[in-house]
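FYI, it's all coordinate maths here, none of it is from the lab. It should be emphasised that the depicted structure is a prediction, and the values quoted were computed from it without experimental measurement. Please note: Cβ atoms are built from the backbone with ideal geometry, for glycine as well, and neighbour counts cover all protein chains shown.
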Amino acid sequence: MSKFFSDYKKQIFPVGLILILALSRLVPHPWNFTPVIAVAIMSGYFFKNIYFSLSILLIAMLIADVFIGFYENMFFVYLSLMFIAFVFFKISKKINFKNLFAYSFAGSLIFFILSNFGVWILGSPGVDNLPYDKNLNGLIECYILAIPFFGNTFLSTVIFSYPGIFIYRSLATRSSAR
C-alpha cells in the first residue's frame, strides 16, 4: 500500500504541471508562444506508461480547447503532439539539460511540419484568404508562410521545457534524499 502512495505522489507534480501548462493556453499570448510542445516533450519524459502520458496530454489539450474553441486543424495539431510525446517517451532516458535544446528544436520542427501539412491539406486560407493550391507549390508556399511562427514555437518550447524538467528533477532529488 505504501508503494501505491509513493507512486501516486510521484505522479501528482507531473500531472499538475502538464495541466497547468496546457491550461495556460487560455491566457492571452503571442502567436504560437504556448507550452504545448514542451508539455508533449515532458509528458513523454515524466511518465513510465505511454498510455498514461498520451492520455494526460490529450485531456489537458481537450480541456483547454473546450474554452478556446475547436478548430479545423485540430486533428493535425493533436496528431503532432501525440507523435512528439511518443518519440520523447521512447528516448526519455536520453533527455538531459545538454540535449534538451536540440530536442526542443526537434519537437518544434515535428509540430511545424505536421500541423502546417494539415493547414495545407485541409485547404485553410493562405495569402489573400484563398486556400493553398493542392500541389507541391502550394505545400511549399504554406511552409514558407508559416516560417515566422516557428520562432515563437521553438522559443516557447525551450522556455517552458527547461524549468519543467529542472523542477521535476529537483523534486525527485529532494524526495529521494528524505
Original post:
Say we look at the range 25-52 and pick out the residues that are of a type outside the set (A, V, I, L, M, F, W, C) and in contact with a Ser or Thr (Cβ under 7 Å, 6 or more places away or on another chain); which of these is surrounded by the most Cβ atoms within 10 Å (Cβ to Cβ)?
Top reply: 43
Original post:
Identify, please: which residue in the range 118-142 is aliphatic (A, V, I, L, M) and part of a helix (DSSP H, G or I) and is, among those, farthest from residue 73 (Cα to Cα)?
Top reply: 136
**OP:** Of the conditions (1) assigned to a loop (DSSP other than H, G, I, E, B); (2) touching a residue at least 60 places away in the same chain (Cβ under 8 Å); (3) not hydroxyl-bearing (Ser, Thr, Tyr), residue 70 clears all except one; give me its number.
**Re:** (2)
